[in-house]
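See below for the structure under consideration.
The values are calculated or read from the model by the stated rules, or taken from the named source; none is laboratory data. Everything numeric in this text was worked out from a predicted model, so none of it was measured. Neighbour counts run over all protein chains shown; Cβ positions are idealised from the backbone, glycine included. Note: accessible area is taken over every heavy atom of the protein model, side chains too, but ligands, DNA and RNA are not part of it. Shrake-Rupley method; radii C 1.70, N 1.55, O 1.52, S 1.80 Å.
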Amino acid sequence: MIIKEAYRTITRTFGIWTMSVFTFAIALGVAGLFLLLAWQAHSSMQRLRSSLSIEAFFDPATASENASGIAEREIKPLDGVATMTFVSKEQALIDYATSSGEDISSVLGMNPLPASVSIHLRDPSVASAKAMMEKLRAVRGIANVQSDLGLLSAMSERARSLDVIAVLLG
């Protein structure tokens, strides 16, 4: 009975029913496209934030072997470290010479560049970056710690704003 009445209504108002279904399909398509774009933007911001690293530079007087040992024993096990890349004094000199075209060791007669560690965080937030920087400053042999906290903060704010806009428009 109900199915028969529904069929009769559809056949009597076929144009209106078709337009309703078509409008509903377009609305679902636009909503799905918007959701996909919002998710892509959110994922891109997350990838950009996770690509930022914290650089810890050892005292230039520290030998590469000692710095490597300190990095493996004291930095790699720190909570929050996703990946750690050690760069020896020698590799830093090679990298500098390659990028700048200058051979500073021949001018100075020594290698003034320190060994360093590049750290990517599991949770790339401003709070976790600040906490990691404090932990790194406490490690024996670390002379300087650098990070792009300003850029990370701006990216975090923009990601939050983008999420709010997506929810409001969605």
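Scanning the stretch 77-88 for residues that are surrounded by 14 or more Cβ atoms within 10 Å (Cβ to Cβ), in contact (Cβ under 8 Å) with a residue 40 or more places away in the chain and in contact with an Asp or Glu (Cβ under 9 Å, 6 or more places away or on another chain) yields one hit, Gly80.
Checking each residue in the stretch 56-71 for being closer than 24 Å to Val126 by Cβ and either open to solvent by 50 Å² or more (accessible area, probe 1.4 Å) or of a type in the set (S, T, N, Q) (or both) picks out only Phe57.
Just for the stretch 1-53: of the residues that are closer than 30 Å to Arg158 by Cβ and among the charged types (D, E, K, R), which one is modelled with the lowest pLDDT? Ranking the qualifying residues of the stretch 1-53, first place goes to Arg49. Please specify each residue of the stretch 77-136 satisfying the condition of being more than 26 Å from the chain's Cα centre (by Cα) and of a type in the set (A, V, I, L, M, F, W, C). Matches in the stretch 77-136: Leu93, Ile94, Ala97, Ile104, Val107, Leu108, Met110, Leu113. If the condition is being of a type outside the set (Lys, Arg), under 23 Å from Leu149 (Cβ atoms) and either in a helix (DSSP H, G or I) or free of Cβ contacts under 8 Å to residues at least 60 places away in the same chain (or both), then the stretch 36-52 contributes Ala41, His42, Ser43, Ser44, Met45, Gln46, Leu48, Ser50, Ser51. Report the residue count in the stretch 53-62 for those that are in a loop (DSSP other than H, G, I, E, B) and either under 19 Å from Met132 (Cβ atoms) or touching a residue at least 40 places away in the same chain (Cβ under 8 Å) (or both). Summing the residues that are in a loop (DSSP other than H, G, I, E, B) and either under 19 Å from Met132 (Cβ atoms) or touching a residue at least 40 places away in the same chain (Cβ under 8 Å) (or both) in the stretch 53-62 gives 4. None of Thr9, Thr23 is without any contact (Cβ under 8 Å) to a residue 12 or more places away in the chain and touching a helix residue (DSSP H, G or I) at 6+ places or on another chain (Cβ under 9 Å) except Thr9. The residues listed here are Glu74, Glu134, Glu157, Glu102; of these, the one that is in contact (Cβ under 8 Å) with a residue 24 or more places away in the chain and open to solvent by 40 Å² or more (accessible area, probe 1.4 Å) is Glu74.
Taking the criterion of being assigned to a helix (DSSP H, G or I) and either modelled with pLDDT of 90 or more or surrounded by 14 or more Cβ atoms within 10 Å (Cβ to Cβ) (or both), the residues of the stretch 105-129 that qualify are Ser105, Val126, Ser128, Ala129.
None of Gln91, Gln146 is part of a helix (DSSP H, G or I), more than 30 Å from Ala27 (Cβ to Cβ) and open to solvent by 40 Å² or more (accessible area, probe 1.4 Å) except Gln91.
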